[in-house]
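Contents: one structure, followed by commentary.
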Amino acid sequence: MATAAQWFEGARPKTLPAAISPVLAGTGVAAYDDQLVWWKALLALVVALALQVAVNYANDYSDGIRGTDDERVGPLRLTGSRLATPSAVKRAAFAAFGVAALAGLALAASTTWWLVAVGVLCILAAWYYTGGKRPYGYAGLGEVMVFVFFGLVAVVGTYYVQAEQWSWPALYAAVGIGALACGILVANNLRDIPTDAVTGKRTLAVRLGDGRTRALYALLVAAAAAAVVAVAVATTWWALLGLGFLVIAGRAARAVAAGAAGRALIPVLQASGKAELAWAVLVAVPLALA
């Protein structure tokens with residue numbers, strides 16, 4: 001029991017903000033458009049949380065059986081540390097995928113059935129990030145897929161299941177959330193450059209190198225700030241309160257720029273997750289109240 005608790009504690013900086021933030025952002029835009037449907041927002045949150053837990057377990061399993069986690073600097077992994085069998089971790093991943101699928105089916109049934117295809121793509125993307133014979137996370141495409149699925153799809157999808165229409169502000173919000181979600185992964189992969197390079201995991205950070213990866217992190221924070229302005233221009237200037245996320249993200253960016261490495265990047269990971277959540281709250285609440 002203690003082991004599971006420790007693992008979830010280690011995963012929390014990525015899991016909760018990455019799941020809650022896109023749902024908050026998309027729901028905030030829906031509320032601004034007077035299209036809020038609370039029970040659909042809750043179902044979207046279940047989908048997001050279940051997918052995040054599934055991704056964590058899937059990565060734990062796939063990286064563990066490949067030996068990528070044998071020399072790990074970051075939070076505890078069950079498979080790599082031999083605290084759980086690979087089959088048990090794999091079953092946990094599939095169980096979480098099942099929960100996400102059931103909640104997604106309920107949303108599709110109440111909205112449109114083509115969302116089933118989107119859900120299937122989300123599950124496949126989550127599994128093949130580190131799973132399968134040629135995981136795209138090992139080829140430097142992780143950040144692209146995080147931006148697409150945990151930014152664009154998650155935010156715009158949350159808005160769409162409630163409003164059943166297109167929205168430019170939802171897209172701008174998706175860019176902001178997607179950029180910060182990528183920032184979490186960039187910081188994670190920056191920390192793991194030494195071990196990933198040895199094990200053959202060619203993440204974007206390994207391909208770019210230390211210096212350019214640090215510059216990419218700063219660029220993503222700047223993109224998230226620009227997205228706040230875009231949302232405000234398209235909706236209400238009160239949304240500019242979202243720039244308050246820079247209080248947290250700015251500290252993280254300074255640490256990255258100053259050369260934080262190894263375990264010193266773990267607080268950056270935590271701050272990145274908090275910055276994403278702050279972005280969502282500080283944008284969504286003004287939109288809802290407006």
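Things to note:
- Of L83, G119, P17, farthest towards positive along the dipole that unit charges on Lys, Arg, Asp, Glu beta carbons give the chain: L83
- Linear extension gain, A288 paired with A258, 0.36 nm per residue minus alpha-carbon span: 7.0 nm
- If you plug the beta carbon distance of A88 and R207 into 1/(1 + (r/R0)^6) with R0 = 22 Å, you get a FRET efficiency near 0.10.
- The helix-based estimate of mean residue ellipticity at 222 nm for the chain, built from -39,500 (n - 2.57) per DSSP H run of four or more residues and divided by its residue count, is -24500 deg cm²/dmol to the nearest 500.
- Length gained when the stretch L141-T112 is fully extended (0.36 nm per residue, less Cα-Cα span): 7.5 nm
- Nearest-20 debye value, the chain charge dipole, Cβ charges on Lys, Arg, Asp, Glu: 700
- Three-way shape label, region 122-214, alpha-carbon gyration tensor, a/c 1.5: oblate
- Cβ-based charge dipole, the chain, positive-most Cα from G176, A163, V53: V53
- Sparsely packed chymotrypsin sites (Phe, Trp or Tyr not before Pro) within region 139-182, loop by DSSP, other Cβ within 10 Å at most 10: W166
- Point-to-point label distance, E164-L102, nm (Cα→Cβ direction, 7 Å offset): 2.6
- Separation of the T199 and A222 label points, Cα + 7 Å toward Cβ, nm: 3.3
- In the chain, Cα pairs under 8 Å separated by at least six residues give a relative contact order of 25 percent.
- Label of the coordinate-derived value, Rg and Dmax of the Cα atoms in Å, listed as (i) 22.6, 71; (ii) 20.0, 58; (iii) 18.2, 52: (iii)
- In order through region 106-111: 3J(HN,Hα) via Karplus (6.51 cos²θ - 1.76 cosθ + 1.60), integer Hz, x for Gly, Pro: 5, 5, 5, 5, 9, 10
All of the numbers you see were taken from the coordinates with simple rules; none came from a lab. Since we're looking at a predicted model, the values are computed, not measured. A quick note on method: Cβ atoms are made from the backbone with ideal geometry, for glycine too, and the neighbour counts reach across all protein chains shown.
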